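**Student:** After the structure tokens below, expect a handful of questions from me.
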Amino acid sequence: MRYRAPEAAALISTDLAPFTALFDRRSGITHILASPAPEILAALTEPMTIDMLLAVLAREYDLADPDPAALAVRLDELVASGLVATT
Amino acid sequence: MSDHDQPDPDQPDAAAISDGGNAVPTRRRLLQLGAIGAGAVVSIRPALAQTAGSVMNCEIPVPDMGHAGGFIADDGSIVAAGTKGAYAPPGRPFKGEEVKRAMAGNQLPGTSYESNRAYMNYIRRLQRGQGGFTCFASLQMPRG
């Protein structure tokens with residue numbers, strides 16, 4: 001199963017440090033994201049499996065807990081919000 | 001006798017050693033995947049979103065009550081009753097569930113290919129303030 005982020009044109013993003021606000025034009029819903037959700041979305045530059053995504057994140061960040069199960073929970077939240085699709 | 005006070009040039013710079021004894025300096029930002037608190041995503045739905053139960057039962061009249069009796073042209077606009085090439089209104093409002101299925105590629109009940117297309121174009125052009133707009137808008141939100 002691969003995870004897919006929306007195309008950039010579908011989202012309006014605002015920095016509300018330490019959060020990120022994301023308006024999804026497709027649903028009209030505003031999401032408030034805390035780390036690592038914005039980083040995960042940014043890393044999904046193309047459809048990826050969990051393992052591929054974990055490898056990308058591990059390259060870009062110093063992962064405190066490089067655990068696919070933890071990443072899966074974060075991805076489930078993003079899928080539930082409608083921000084990430086599965087294919 | 002070696003001088004222990006001076007740094008040994010053969011050893012990596014102490015500042016570059018991480019906990020695992022790795023000599024490569026790490027400048028990447030720390031990221032934690034596990035949840036700190038209730039999760040990483042909070043969604044604020046607009047006030048017009050309906051609950052999952054009622055979405056399927058909400059209704060979309062074609063056309064809305066203010067234009068009752070008007071015919072629907074191919075492009076979804078409302079035209080005078082009896083206009084050639086336009087479609088008579090369906091006998092009843094469509095349910096949210098029916099429109100949702102039509103959006104997924106099925107046909108509205110009781111319609112032909114052409115009248116389905118005309119009604120769906122009408123529905124897609126609904127604006128705030130028109131009957132059925134709230135119902136239609138809520139069909140497009142994830143998880144109702």
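What follows draws every value from the coordinates through simple rules; no lab data is involved. Predicted model, so just to flag it, every value in this text is computed and none were measured. A quick note on method: Cβ atoms are made from the backbone with ideal geometry, for glycine too, and the neighbour counts reach across all protein chains shown.
**Student:** Could you state the orientation-averaged shadow area of the convex hull built on the Cα atoms of the range B:48-140, in nm² to one decimal? Walk me through the intermediate numbers first.
**Tutor:** On the way: hull surface 21.9 nm².
Quarter of the Cα hull surface area: 5.5 nm².
**Student:** Towards the positive end of the charge dipole of the range A:3-82, with charges on Cβ (+1 Lys, Arg; -1 Asp, Glu), say which of A:Ala43, A:His31, A:Pro68 has the farthest Cα.
**Tutor:** A:His31
**Student:** Oh, and also: Is there a simple number for the mean count of other chain Cβ atoms within 10 Å of the Cβ of residues in A:27-40, and what is it?
**Tutor:** Working: counts 9, 8, 7, 5, 6, 5, 4, 8, 7, 7, 4, 2, 4, 4.
Mean inter-chain Cβ contacts per residue within 10 Å come to 6.
**Student:** Okay, moving on. Helix A:68-81: angle to the longest alpha-carbon principal axis of chain A, degrees 0 to 90, nearest 10?
**Tutor:** The angle comes out at about 10 degrees.
**Student:** Could you tell me the ratio Rg/Rh of chain A? Both radii from Cα atoms, Rh via Kirkwood.
**Tutor:** Over the Cα atoms of chain A, Rg/Rh equals 0.94.
**Student:** Averaged across the residues of A:59-66, what count of C-beta atoms belonging to other chains lies within 10 Å of each residue's C-beta? All intermediate terms of the calculation are to be shown ahead of the outcome.
**Tutor:** Working: counts 1, 3, 7, 8, 5, 5, 4, 2.
Per-residue shielding by partner chains comes out at 4.
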